[in-house]
1. Specify which of the listed residues (Glu25, Glu10) is part of a loop (DSSP other than H, G, I, E, B) and either under 11 Å from the mean Cα position of the chain (by Cα) or at pLDDT below 95 (or both).
2. Please go through segment 34-59 and give me each residue that is within 16 Å of the ligand (Cβ to nearest atom), farther than 14 Å from Lys19 by Cα and crowded, with 16+ Cβ neighbours inside 10 Å, ordered by number.
3. Do we have any residue at all in segment 61-74 that's in contact with a Gly (Cβ under 9 Å, 6 or more places away or on another chain) and among the aromatic types (Phe, Trp, Tyr)?
4. Would you be able to tell me the number of residues in segment 60-94 that are away from the ligand (no atom under 12 Å from the Cβ) and touching a Ser or Thr at 6+ places or on another chain (Cβ under 8 Å)?
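The values are calculated or read from the model by the stated rules, or taken from the named source; none is laboratory data. Since this is a predicted model, take the numbers as computed values, not measurements. We place every Cβ from the backbone using ideal geometry, glycine too, and count neighbours over all the protein chains shown.
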Amino acid sequence: MTGCGCPREEGGTGGPFSKGKELVEFVYYAHGGTVRDKPIARGALDIVCQGCSASFTLQTYVGKCPACGGVHAVVPMNPVAENVQFAGTDFTLP
Ligand SMILES: [Zn+2]
């Protein structure tokens, strides 16, 4: 992984280009945890739960499926449905 030009954060594996649980944790802790409960700036996203396939609306950058409690998150810089990541069925927020 040399020469790609990507900045790497020291001491952490998460980042805005992570997938799954890593991305969810990145957004959860971003800016000291002030981002996760903010409404998505470009509007709520209608998504399908990646855990139980229920349709629901993600209102904030980190949100839970009302049916199964599965945690989903999207990065603030590009909050579109395609970028929503699912933390996994065994993940619960701290
Ligand atoms: Zn679900």
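1. Numbers: Glu25 fails: part of a loop (DSSP other than H, G, I, E, B).
Answer to the check: Glu10.
2. Step one: filter segment 34-59 for residues within 16 Å of the ligand (Cβ to nearest atom), giving 45-59.
Of the ones still in play, those that are also farther than 14 Å from Lys19 by Cα are 45-49, 51-59.
Across segment 34-59, the qualifying residues are Leu45, Ile47, Cys49, Gly51, Phe56, Leu58.
3. No - not one qualifying residue is present in segment 61-74.
4. 1
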